[in-house]
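*Asks:* My structure is below; once you've seen it, I'll send some questions.
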Amino acid sequence: MHPACHLFLGQYQSLLAMPHEAISVFDMFKIGVGPSSSHTLGPWRAAQRLLQSLRQRQLLAQVQSIEIMLYGSLAKTGKGHGTDVAVLMGLCDADPETVPVDSINPTIAAIKEQRQLHLAGQYWLPFDYDLQLHFLYSEFLPFHPNGLSFLVTLQSGETISETYYSIGGGFVVQEGQAAASQQSVQLPFPVNTAEELRHWCMKTGMPVWEVVLENEAAWRPEADTRQGVLRIWHTMRDCIYRGCHTSGHLPGGLHVKRRAADLNKRLIADRPYHDFYSWVAGIRQGGQQFQYILDWVSCFALAVNEENAAFGRVVTAPTNGAAGVIPAVLMYYISFCDGLQDESIIRFLLTASEIGSIFKKGATISAAMGGCQAEIGVSSAMAAAALTECMGGSQKQVLMAAEIAMEHHLGLTCDPIGGLVQVPCIERNTMGAIKAITASQLALQSTPDFGIVSLDKVINTMWQTALDMNSKYKETADGGLAVQIPISLADC
């Protein structure tokens, strides 16, 4: 393990031990641009927060130059994950939730060619990509492996330095202000652990999704929550449909061929359709054979993560690298369990978000902290719980499903070849989705009172495994498959 790892893991664990953290469904599910929530969305938001800081101090118009330092994991896999692209787009104040994805590459190309940065979309600054954006491969900042710093020089000669950490799932904390990320919202049913969630469910008689909906009322009216959750689903839906109808190769040195479109074409056969809803109808007409369903679940997951790898618009669920698991399982529920109703979809996503928030509070959802168990493993647990909820499982069965899914992802490493979120990441989403469905089925056919392992015990085990895991298996491309394939970061 890198010498700095012991320090930042200890500091991160102290953050986990802080008082109750209120996490909304819209913290767990964020709309953004691929390929990585921690390496793309987080740094993008960090750059926007720098702009906000400069605006608040009325210094934006006085900026003469900006230098960007990417540390640790952000440096090692930054080019493959688009960290450089994200930071520059953020400094231009483009919003990852709304920016036309087709405009990203031309914008970055213009910055490099013209050597100018359109700061906040208002002020043109000289900017040399090769001289002012630094990939510090061997340097780690103390709090978290995903660190980046901005050094701003004003026209007066004064310099301002701000450092941010992208801690997974698009969450960002500023150095010296980690406590500020702990929201002060008072929830009617505060939850840090699975046992606390079980307690509130048993005390109130409410299913998991209703507990979550009640908590969301601390932020906004219920109608707004429902509308927002459906917007999350619509983004997932559009991503799946787009991915199932887009062919070609993914960007980067691996030249990975997209497979979802060809698989969709074979599976749908000659059944006609013209939009998402007629497509689902066509899928259902194919029957309920096991192999047929299995192929469709894989197709759904491939579609999302191929879009993610191509800088498409996706939803962190809870991360971009694991963005395909929850949509794939939700599409399984919609297509083969008659789940295409707004109310059912809302229940699914609310339940999933709560399980994800418990993992974030008790362990991590960052592969740079815990390997891929923290991404695919968590997303699989979220999906398993959500499916169990929607299939009529009890509150205890919902928690059991999440436990089963994570138990069989423990120790999963993150070793992206070439630093790209492609191999093994894309296929790994199909495996996480299938495991989620299996975990749900097991839980639904089990009596949780006789279970040996609780969800909280699995979360604790996952965290201890993260502490023990060598840093080369934590999104650095320094170990595992990444060192078996002859491709350099420069090729990507």
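The values are calculated or read from the model by the stated rules, or taken from the named source; none is laboratory data. Being a predicted model, the structure only gives us computed values, none of them experimental. A quick note on method: Cβ atoms are made from the backbone with ideal geometry, for glycine too, and the neighbour counts reach across all protein chains shown.
*Asks:* Just checking, which of Val304, Val212, Val229 is in contact with a Ser or Thr (Cβ under 8 Å, 6 or more places away or on another chain) and of a type outside the set (Lys, Arg)? Show your work before the answer.
*Replies:* On the way: Val304 fails: in contact with a Ser or Thr (Cβ under 8 Å, 6 or more places away or on another chain); Val229 fails: in contact with a Ser or Thr (Cβ under 8 Å, 6 or more places away or on another chain).
Within the list Val304, Val212, Val229, the selection yields Val212.
*Asks:* Can you pull out the residues in the stretch 441-456 that are touching a residue at least 24 places away in the same chain (Cβ under 8 Å) and over 14 Å from Val378 (Cα atoms)? Spell out the reasoning first.
*Replies:* Step one: filter the stretch 441-456 for residues touching a residue at least 24 places away in the same chain (Cβ under 8 Å), giving 442-444, 446, 448-449, 451, 453-456.
Passing the criteria: Leu442, Ala443, Leu444, Ser446, Pro448, Asp449, Gly451, Val453, Ser454.
*Asks:* Can I ask one more? Tally time: how many residues in the stretch 103-135 are out of contact with any Gly (no Cβ under 8 Å at 6 or more places or on another chain) and under 28 Å from Ala367 (Cα atoms)?
*Replies:* 8
*Asks:* Let me ask something additional. Quick check on the stretch 274-295: of everything there that is within 15 Å of Arg237 (Cβ to Cβ) and within 28 Å of the chain's Cα centre (by Cα), which residue is surrounded by the most Cβ atoms within 10 Å (Cβ to Cβ)?
*Replies:* That would be Ile283.
*Asks:* A further question follows. Check Asp238 against each of (1) surrounded by fewer than 20 Cβ atoms within 10 Å (Cβ to Cβ); (2) touching an Asp or Glu at 6+ places or on another chain (Cβ under 9 Å); (3) closer than 20 Å to Val25 by Cβ and name the one condition it does not meet.
*Replies:* (2)
*Asks:* Can you name the number of the only condition in (1) in contact with a Pro (Cβ under 8 Å, 6 or more places away or on another chain); (2) over 30 Å from Leu254 (Cα atoms); (3) of a type outside the set (Phe, Trp, Tyr); (4) crowded, with 23+ Cβ neighbours inside 10 Å that Pro416 fails?
*Replies:* (2)
*Asks:* Which residue is surrounded by the most Cβ atoms within 10 Å (Cβ to Cβ), if the candidates are limited to the stretch 453-481 and must be over 19 Å from Gly362 (Cβ atoms) and of a type in the set (A, V, I, L, M, F, W, C)? Walk me through how you get there before you give the answer.
*Replies:* Looking only at the stretch 453-481, we keep the residues that are over 19 Å from Gly362 (Cβ atoms), and these are 470-473, 475-481.
In the following step, the residues that additionally are of a type in the set (A, V, I, L, M, F, W, C) were identified as 477, 481.
Numbers: Ala477: 26, Leu481: 13.
Once the filter is applied, the top-ranked residue is Ala477.
*Asks:* Any idea which of (1) in contact (Cβ under 8 Å) with a residue 12 or more places away in the chain; (2) on the phi > 0 side of the Ramachandran plot is the one His255 doesn't satisfy?
*Replies:* Among (1) in contact (Cβ under 8 Å) with a residue 12 or more places away in the chain; (2) on the phi > 0 side of the Ramachandran plot, His255 violates only (1).
*Asks:* Right, something else. Regarding Leu117, is this residue crowded, with 22+ Cβ neighbours inside 10 Å, farther than 17 Å from Leu51 by Cβ, outside the structural domain of Ile417 (by TED's automatic domain parsing) and in contact with a helix residue (DSSP H, G or I) (Cβ under 9 Å, 6 or more places away or on another chain)?
*Replies:* No.
*Asks:* Restricting to the stretch 79-98, what's the tally of residues that are surrounded by fewer than 20 Cβ atoms within 10 Å (Cβ to Cβ), of a type in the set (Val, Ile, Thr) and in contact with a strand residue (DSSP E or B) (Cβ under 7 Å, 6 or more places away or on another chain)?
*Replies:* Adding up the residues that qualify gives 0.
*Asks:* Scan the stretch 24-75 residue by residue and report those that are crowded, with 24+ Cβ neighbours inside 10 Å and in a loop (DSSP other than H, G, I, E, B).
*Replies:* If the condition is that a residue be crowded, with 24+ Cβ neighbours inside 10 Å and in a loop (DSSP other than H, G, I, E, B), then Phe29, Gly34, Pro35, Ser36 are the ones that fit.
*Asks:* Right, here's the next one. Can you go through Gln445, Gln441 and tell me which one is farther than 18 Å from Thr413 by Cβ and surrounded by 13 or more Cβ atoms within 10 Å (Cβ to Cβ)?
*Replies:* Just a single option satisfies the conditions, and that option is Gln441.
*Asks:* State yes or no: is Tyr137 hydroxyl-bearing (Ser, Thr, Tyr), over 21 Å from the mean Cα position of the chain (by Cα), farther than 25 Å from Tyr473 by Cα and assigned by TED's automatic domain parsing to the domain that holds Leu91?
*Replies:* Values: hydroxyl-bearing (Ser, Thr, Tyr): yes; over 21 Å from the mean Cα position of the chain (by Cα): yes; farther than 25 Å from Tyr473 by Cα: no; assigned by TED's automatic domain parsing to the domain that holds Leu91: yes.
No: the conditions fail for Tyr137.
*Asks:* Continuing with this model, one more query. Would you confirm whether any residue within the stretch 344-367 is at pLDDT below 95, under 16 Å from the mean Cα position of the chain (by Cα) and part of a helix (DSSP H, G or I)?
*Replies:* Within the stretch 344-367, one or more residues are at pLDDT below 95, under 16 Å from the mean Cα position of the chain (by Cα) and part of a helix (DSSP H, G or I).
*Asks:* Do we find a residue being touching a Pro at 6+ places or on another chain (Cβ under 9 Å) and surrounded by 17 or more Cβ atoms within 10 Å (Cβ to Cβ) anywhere in the stretch 149-162?
*Replies:* No.
*Asks:* Sort through Arg271, Arg259, Arg266 and tell me the only one that's surrounded by fewer than 20 Cβ atoms within 10 Å (Cβ to Cβ) and within 24 Å of the chain's Cα centre (by Cα).
*Replies:* Matching residue, one of Arg271, Arg259, Arg266: Arg259.
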